Structure formats: C-alpha cells, structure tokens
Amino acid sequence: MNILRQRAGLTILALAFARSALCADAPSAPGPSGAPPSPLQQQVAATERAFAKTMADRDLAAFGRFVSKEAVFMSGGKPLRGRQQVIDGWRKLYDGAAAPFSWESEKVEVLESGRLALSSGPVHDRSGKLVATFTSIWRLEAPGTWHIIFDSGCEVCARCADH
C-alpha cells in the first residue's frame, strides 16, 4: 500500500511539474458542464488565498503552518525538502516591508477521494505584471486542514507576459 501511495504521489508530482513547465498563455476554461466549483474546490481555493495572504501580510510563521512536514518545493534548480527547509528557503522573500510577488489560483482540481488537490494560477510582481505561473499540490491531512506537499513555479515567457 505504501508503494502505491508513493507511485500515486510521484505521478501527481510529475503531472504538476509538466504542467508548470509549459508556458500557459491563457487562463483555464470552465469544464464542459460549466458546473460551479465543488465545496472541496472552494475549500482548497480558500486555503490557497489564505496561503498567499501570508506573503502580503509578511507573516513567515503563518506561511509555515500551511506547509506539510514532508513538503517538496522546487526552488531554482534545487528542491527544498521538508517544512523547515522550505521556511528557511523562503525566509528572504518575507524580509522587507513589501511583498516581492503575489499569486492566486485560477484552477483547482480535487481527486474524487477528496484527499489531494491541484491549484494553479498566475504570479505577479509588485507592479502587477505577470511574471510566472505556479502549480501546487495540496493534501488533506486532517478534516478541513489542507497542507501543501508539492510546489513549483514556471517563469512566464516574454510572449505570455505581454497578455
């Protein structure tokens, strides 16, 4: 069972990183049914907004509370592994009075099991210019408590940044 869990996690990670490696030039379109987001999608989107608010609020301690103990954040060429390494790696981004960037989810998908979710969307610099996209994988670790387990960003190509 543990091997199956690891394989499922690696598959999701690979899909998330493949998606973030593509320079997405347009927001995701609604599904064919045009159905509103499910309660779990809304919950993950709200969690992502609260996570992003930690950057705006300059609150590194709050940021750390969203990060799973076994998280992997792709940062440059070197992955940051575990909550403490992620916090330490992001510490410099929380220095100073103004946030260096902001992000928001445009798309949230949740597995049928309701245990894993993908969130993705734009990253803007201080002036509001689109500079990157992000992809995050969230895991439900306790009732109503989502923690980020994988995170990756992709700089936006020049063609995409002009839109």
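The values are calculated or read from the model by the stated rules, or taken from the named source; none is laboratory data. In this text, all values refer to a predicted model and were calculated from it rather than measured experimentally. Positions of Cβ are backbone-derived with ideal geometry, glycine not excepted, and every protein chain shown enters the neighbour counts.
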Count of residues meeting criterion [of a type in the set (A, V, I, L, M, F, W, C) and over 17 Å from the mean Cα position of the chain (by Cα)] in the stretch 53-98
3
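Going by what's in this entry, would SER102 be described as surrounded by fewer than 16 Cβ atoms within 10 Å (Cβ to Cβ) and in contact (Cβ under 8 Å) with a residue 40 or more places away in the chain?
Details: surrounded by fewer than 16 Cβ atoms within 10 Å (Cβ to Cβ): yes; in contact (Cβ under 8 Å) with a residue 40 or more places away in the chain: yes.
Taking the combined requirement at face value, the residue satisfies it.
Identify, please: which residue in the stretch 32-41 is polar (S, T, N, Q) and more than 15 Å from the chain's Cα centre (by Cα) and is, among those, nearest to GLY144 (Cα to Cα)?
For the stretch 32-41, the residue satisfying everything is SER38.
Could you list, in sequence order, all residues of the stretch 126-140 that are of a type outside the set (Lys, Arg) and either outside any strand (DSSP E or B) or modelled with pLDDT under 95 (or both)? If you could, list the steps in order and put the result at the bottom.
We begin by selecting, within the stretch 126-140, every residue of a type outside the set (Lys, Arg); these are 127-128, 130-138, 140.
Passing the criteria: SER127, GLY128.
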Need the failing condition index for SER75 against (1) surrounded by 14 or more Cβ atoms within 10 Å (Cβ to Cβ); (2) closer than 30 Å to SER38 by Cβ; (3) modelled with pLDDT under 95, just the number.
(2)
Inside the stretch 105-125, can you point out the residues that are in contact (Cβ under 8 Å) with a residue 60 or more places away in the chain, of a type in the set (D, E, K, R) and part of a strand (DSSP E or B)?
LYS107, GLU109
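For the stretch 78-88, what are the residues that are under 21 Å from ARG49 (Cα atoms) and either in contact with a Phe, Trp or Tyr (Cβ under 9 Å, 6 or more places away or on another chain) or at pLDDT below 95 (or both)?
First, the residues of the stretch 78-88 that are under 21 Å from ARG49 (Cα atoms): 83, 86-87.
Residues satisfying the conditions are VAL86, ILE87.
Here are ILE149, ILE87: which of them is touching a residue at least 12 places away in the same chain (Cβ under 8 Å) and in a strand (DSSP E or B)? Lay out the reasoning, then the answer.
Details: ILE87 fails: in a strand (DSSP E or B).
Exactly one of ILE149, ILE87 is touching a residue at least 12 places away in the same chain (Cβ under 8 Å) and in a strand (DSSP E or B), namely ILE149.
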